[in-house]
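Please read the structure below before turning to the comments.
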Amino acid sequence: MTALDQFTYPPEAPLDCDRCPRLVEYLNDCRAKEPDWFNAPVPSFGPEDAELLIVGLAPGVTGANRTARPFTGDYAGDLLYATLEKFDFSNGKYDSRPDDGLELKNAMITNAVRCVPPQNKPIGAEITNCRPFLISRMNNLPNLKVILALGKIAHDSTVKTLGGKLAAHKFAHAAEHSFQYNDREITLVDSYHCSRYNTNTGKLTTEMFENVFSLIANQLDK
Ligand code: URA
């Protein structure tokens, strides 16, 4: 990516984005099997004046890829949206569908990779190809103060976006990392991803996830 990219890319990937051949092919397969699903790069969800940006991994095939809203219809969305409600980042009730009337307050959700990857696993080149949209997303949030990275892939992509070194900013659950970015103070907070695997195995409990949101609330209150 050149230095110019961050100014030339839009914050949302175009619906016909063709940067990742493997993901384009997978989306075409999904379109053939499920023509009524969204099957395109999933746009971020939330207001542009948000102070908090939540960075997930990538849409789940039967969830966000179907519904066109991050984490919506995905198992991981149940804990994420419940926690957003508990910490007053939403209005309305999450009901696993994009027309449930839910609105986010002071928070936006995006994904490190905007297209659904096979087996939920984007490859390195796809994460890199999608980063200009993440950079642009951040640059287009004028009040951004805190970024919550859900999992190591989101963490690594965010650290690179903020111009940091991974060796100096290691992923760890509930870790907080400070950055100076475009004359702004940004705090990156890490959490284990709220995936079905992590919650079912107890790697991430509701209490651990809520503790991360308490850290975020403290940062935003500063
Ligand atoms: N759905 C998303 O949109 N992102 C994730 O990281 C997981 C599920």
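Structure above, values below:
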quantity: Any hit, region 71-88, residues being within 13 Å of the ligand (Cβ to nearest atom), in contact with an Asp or Glu (Cβ under 8 Å, 6 or more places away or on another chain), of a type in the set (A, V, I, L, M) and not in a strand (DSSP E or B); calculated: no
quantity: Residues located in region 108-164, provided they are of a type in the set (Val, Ile, Thr) and within 16 Å of the ligand (Cβ to nearest atom); calculated: Ile109, Thr110, Val113, Val116, Ile123, Ile127, Ile147, Ile153, Thr158
quantity: Of residues in region 53-70 being more than 9 Å from the ligand (Cβ to nearest atom) and under 11 Å from the mean Cα position of the chain (by Cα), the one surrounded by the fewest Cβ atoms within 10 Å (Cβ to Cβ); calculated: Leu53
quantity: Which numbered condition Ile147 misses (of (1) under 19 Å from Ile109 (Cβ atoms); (2) in a helix (DSSP H, G or I)); calculated: (2)
quantity: Positions within region 158-199 being of a type in the set (D, E, K, R) and in contact with a helix residue (DSSP H, G or I) (Cβ under 7 Å, 6 or more places away or on another chain), in sequence order; calculated: Lys160, Glu176, Asp190, Arg196
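Where a number appears in this text, it was derived from the coordinates with a stated rule and is not lab data. Everything numeric here is computed off the predicted structure, so don't read it as measured data. Using ideal geometry, Cβ is built from the backbone for each residue, glycine included, and neighbour counts are taken over all protein chains shown.
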